[in-house]
Amino acid sequence: MINALAPCRRVALLVAASVCLSGGAVADEPPGLPGRPEEIVFSPLDFKVPEAARFRRTLPDVTPVYVAPSQEFPLVTVAITFKGGASLDPPDVPGLVAATATMVRLGGTESTGPAEFDEALDFLATNVGVQSSDAFTTASMNCLTSNLDESLGLFVEMLRRPRFDEGRLDTAKARLLEGLKQRNDDASSILSREWKRLLWGADHFEAREPTAATVAEISAERMRAVHDRIYHPGNMIVAVSGDLEEKEILAKLAAAFAGWKKGPAAPDPAAPTASLAPGIYHVQKDIPQGKVVIGMRSITRDDPDAIPLDVLNDILGGSGFTSRIMQQVRSNEGLAYSAASAVAPKVWYPGQFQARFESKNATVALATKIVLDLVEGVRTEPVTYEELETAKAAAIETFPRQFESKPAMLRVFVNDEWTKRPADFWQTYRDKVSAVTREDLLRVAKEHLDPAKMAILVVGDWDPISTGDLEGRASMKEFFDGKVTHLPLRDPLTLEPLLEKDAAAPVGPPAGKKPTK
């Protein structure tokens, strides 16, 4: 058998011999190159922010269309963003808008059954989807340039005249119901559910979740009412990119939308009326690691302090291994695999700040203490110059990623138009980041981060969590005078509190009762 590696070995030996004979250097370094990586000097990144007005057009019916031609691939991407998502759910049927989006895609059209419609898309190699979020519903299509006409016809027919096939609807509801049954299997799901209820109030759309009873109320009739309210030209902005000619695609869109009845734009999402009550909250679950979120209500997206607060959060817990929370909780103390913080502003009402981690039950209190101490630390002492410059450089140097592709760029423009972002925001963003000072960060920390106004939510086994670590460095009694509100584990299908005897794991002691050690 011939040894295919033999020539490679001979070459390696010859190279090694030459290195020895030359005193260890194969060749001189090219002139002008630094000897070490940290000596490399990069020229400043020159990126000019694209202006939305250059790409914005309107159809004869005044529907806004953003167009970005690109001949890189023989593909065309169309995205239609409608205003309205979970914010438009009826209080008695949470999840209706999301279910409607699912069925607009899966339920066929008035002229084509769902299976036949799927086959037509598969034959054309066209990908179509419809998804909803809190405030928007987006329908997208990606197709070959060669079959744009057929694909666009199917796409618009689906949006204009969905069938809401009863068989597909029954299947979708059954899948949704199966998903509900598993809501208590993962502690992260419990943590997220209860945190939203604490933060926004149980009656706000951001906290409402479907139950078995509300899923049963989902019907084709109710979906048609949602469809009539959301899916129409008076409530949509179109973005098109790819291998296309501008005039041609505008003409095709105008023809496809012809006769589509317009209605009023959907209203802005309603602000929550509840407020977050500071304190310790706990949901009992017999797991070896407690899952924790610590947070408070924060600011709106267009608040003047939004940029400095984002820079501050990057230093505190938003930048991975370079952040204070990750370094202290994971790297230095070894208390958690992942620990981070985030600022999530909202457009129409204040958002939230939160820190999250999971740790062994016995070290939950210690990790909590460290996180809160770090929050207090940025309120009492300015960050270092190095931290500030690193955070600012990260924000500025990663800024072009917002516009790294034509579809991504158009998504930014569409979102900005719907949310009425200041017209010069992106053009002035880097200058505003550069202008942030240590004093700015100290000020926004004092104004917008206050451990006394934060809530601590823990999902885990309360007895070892409350007692704290074996070294006695921290226990849950140190926070809010040791007072804790024990929240019930909820039935996954009804979201009603489970009785202790019915819970999958024993619930914690009632509120006001001190846990046993």
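Just a few scattered comments:
- Flag if L88 is open to solvent by 20 Å² or more (accessible area, probe 1.4 Å), modelled with pLDDT of 95 or more and within 22 Å of S219 (Cβ to Cβ): yes
- Filtered residues of region 199-220 (kept if closer than 25 Å to G107 by Cα and either of a type in the set (F, W, Y) or in a helix (DSSP H, G or I) (or both)): A212, A213, T214, V215, A216, A220
- Identity of the residue in region 45-70, outside any strand (DSSP E or B), of a type in the set (A, V, I, L, M, F, W, C) and at negative phi, that ends up surrounded by the fewest Cβ atoms within 10 Å (Cβ to Cβ): A53
- Identity of the residue in region 380-396, over 27 Å from the mean Cα position of the chain (by Cα) and in a helix (DSSP H, G or I), that ends up nearest to V293 (Cα to Cα): T380
- For region 153-203, the tally of residues that are of a type in the set (V, I, T) and surrounded by 20 or more Cβ atoms within 10 Å (Cβ to Cβ) stands at 2.
- Exactly one residue out of G290, G318 is small (G, A, S) and either open to solvent by less than 30 Å² (accessible area, probe 1.4 Å) or under 23 Å from F480 (Cβ atoms) (or both): that is G290.
- Test for G512: is it at pLDDT below 95, among the small types (G, A, S) and open to solvent by 60 Å² or more (accessible area, probe 1.4 Å): yes
- Meets criteria (at pLDDT 95 or above, crowded, with 16+ Cβ neighbours inside 10 Å and either of a type in the set (S, T, N, Q) or under 22 Å from P422 (Cα atoms) (or both)) for D302: no
- Residue check: K196 meets all listed conditions (1) within 17 Å of T100 (Cα to Cα); (2) in a helix (DSSP H, G or I) but one, namely (1).
- Elements of type strands (runs of 3 or more DSSP E) contained in region 228-299, each with 2 or more residues being under 30 Å from S359 (Cα atoms): 279-284, 289-297
- Lone qualifier among E496, E500 - being of a type outside the set (A, V, I, L, M), open to solvent by 30 Å² or more (accessible area, probe 1.4 Å) and either modelled with pLDDT of 95 or more or within 19 Å of L191 (Cβ to Cβ) (or both): E496
- The C-beta contact set for region 208-230 (first residue of a type outside the set (V, I, T), second residue open to solvent by 40 Å² or more (accessible area, probe 1.4 Å), distance under 6 angstrom, 6+ apart or interchain) comprises A212/L493.
- Among the residues listed as A408, A435, the single one being without any contact (Cβ under 8 Å) to a residue 40 or more places away in the chain, open to solvent by less than 40 Å² (accessible area, probe 1.4 Å) and not β-branched (V, I, T): A408
- Selection status of F155, hydrophobic (A, V, I, L, M, F, W, C) and closer than 30 Å to I396 by Cα: no
- Residue in region 347-359 that is within 25 Å of the chain's Cα centre (by Cα), closer than 30 Å to M141 by Cβ and surrounded by fewer than 21 Cβ atoms within 10 Å (Cβ to Cβ) present: yes
The values are calculated or read from the model by the stated rules, or taken from the named source; none is laboratory data. The structure displayed is predicted, hence computed values, not measured ones. Because the Cβ atoms are built from the backbone with ideal geometry, glycine has one as well, and the counts that use them run over all protein chains shown. Accessible surface areas use protein heavy atoms only, side chains included; no ligands, DNA or RNA. Shrake-Rupley method; radii C 1.70, N 1.55, O 1.52, S 1.80 Å.
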